[in-house]
Amino acid sequence: MRGRGHSGRSARVLNICVIVPAAGSGTRLGSADPKALVRLNGKSLLARSLETIISSGVASTIVVAAPEEFLMRVRNEIDSISQSGAKDSESSISGMRITSVAGGEDRIESVQIALKYAGDADIVLVHDAARALTPSEVFRSVADAVRAGAEAVVPVLPMTDTVRRVESRPAVSSDHRPTMNDHRPATNDGPRAPQSQPDADGWQVVVESGAENDQKLPTVEVLHGDLDRSRLRRVQTPQGFTASTLRRAHEKYEDDLAASGPGGPAATDDAGLVERLGVDVVAVDGDEEALKITYPLDLVLGEHIATQRDAEATRYAAQRESASIDAEATRYAGERQNAASEGEQRR
């Protein structure tokens, strides 16, 4: 990406590396392949992610971290996209480096490995291949926010569901049935949480978990209180960072793991690691279509969105071709007219 410096940064060109961890399992989607190779309307999630990154124009380098046993297939996907982009006059793939490496056992380790191939990138974006339908505008918004001075940026959406805290308790069998003076809501007979006094929020819904499969006394989940969803956000990707901050966050995470041993501090994303440094993580607007393909229902919705986008892209390509033909015909007609005029003048 050819970017200009902002306040607090030099005016030199900024290199942006986009890291795509592609090691998630596709088992939940009914596939033996990694999730990144599951297809939407004929294209893999990985291919769609790479095409969007390329079209966004933000990247100078893309590093895909994939399971070693699937590296050849991943490289075939990359080769296909590179060849297609080379033929497209509107593609931003010219001069871009796309590479694939064997990832680690989890997302964090895969990002650590990929960072070694980021070269001298000033900015690093980390993107889930499972969010293959993330629009180009989200990539540009994240990259622009980092260029403007933020050390860490994530795209987010507001929380729309009611969210509650959960507490697991052992269930007990009881013949107790509610009476007119019992403030607990009526439930079917069977395992439930031990009785206790209602808290300030009143009695909450009780949900049994694992009762059919657990030979021991099952547990129930007791829900407590509403969280203020106006202060909660759903986090998406790509997550963007200054390269130095992201490397520092991963180094600290490794140090913390070494100090704590097994059962040390868990990490789910890179923004969480950066936050442990005391660095502010800035939010920008995400997009509802940037859903994470995790369950079969996500696949159904993703297929619908991908099909619509592909149809729109086909129409756009047809319009471009038609406009090109019309322009060529106009040019040819103009040349003939000029030739005819010159002939008339000579006569």
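The values are calculated or read from the model by the stated rules, or taken from the named source; none is laboratory data. As the structure is a computational prediction, the values presented were derived from the model and not from experiment. For neighbour counting, all protein chains shown are included, and Cβ atoms are generated from backbone atoms with ideal geometry for every residue, glycine included. In case anyone asks, the SASA skips ligands and DNA or RNA and just uses the protein heavy atoms, side chains included. Shrake-Rupley method; radii C 1.70, N 1.55, O 1.52, S 1.80 Å.
A simple spin-label model places the labels of THR162 and LEU227 1.6 nm from each other, with each point 7 Å out along Cα-to-Cβ.
When the charge dipole of the stretch 258-309 is built from unit charges on Cβ atoms (+1 for Lys and Arg, -1 for Asp and Glu) and taken about the Cα centre, the candidate among ALA258, ILE293, GLY278 whose Cα reaches farthest toward its positive end is ALA258. Peptides 120-132, 228-240, 297-309 ranked from most to least packed give 120-132, 228-240, 297-309, packing being the mean of other C-beta atoms within 10 angstrom over each peptide's residues. Accessible surface for MET159 stands near 50 Å², nearest 10, in the context of the full protein assembly shown (1.4 Å probe).
What is the packing order of peptides 59-68, 38-47, taking the mean over residues of other C-beta atoms within 10 Å and listing the highest first? Mind showing how you got there, number by number?
Numbers: 59-68: 23.5, 38-47: 20.6.
By packing density, highest mean first, the sequence is 59-68, 38-47.
Between amide H atoms placed 1.01 Å from N, distances below 5 Å from VAL64 occur with VAL20, THR99, SER100, VAL101, all of them 5 or more places distant or on a separate chain.
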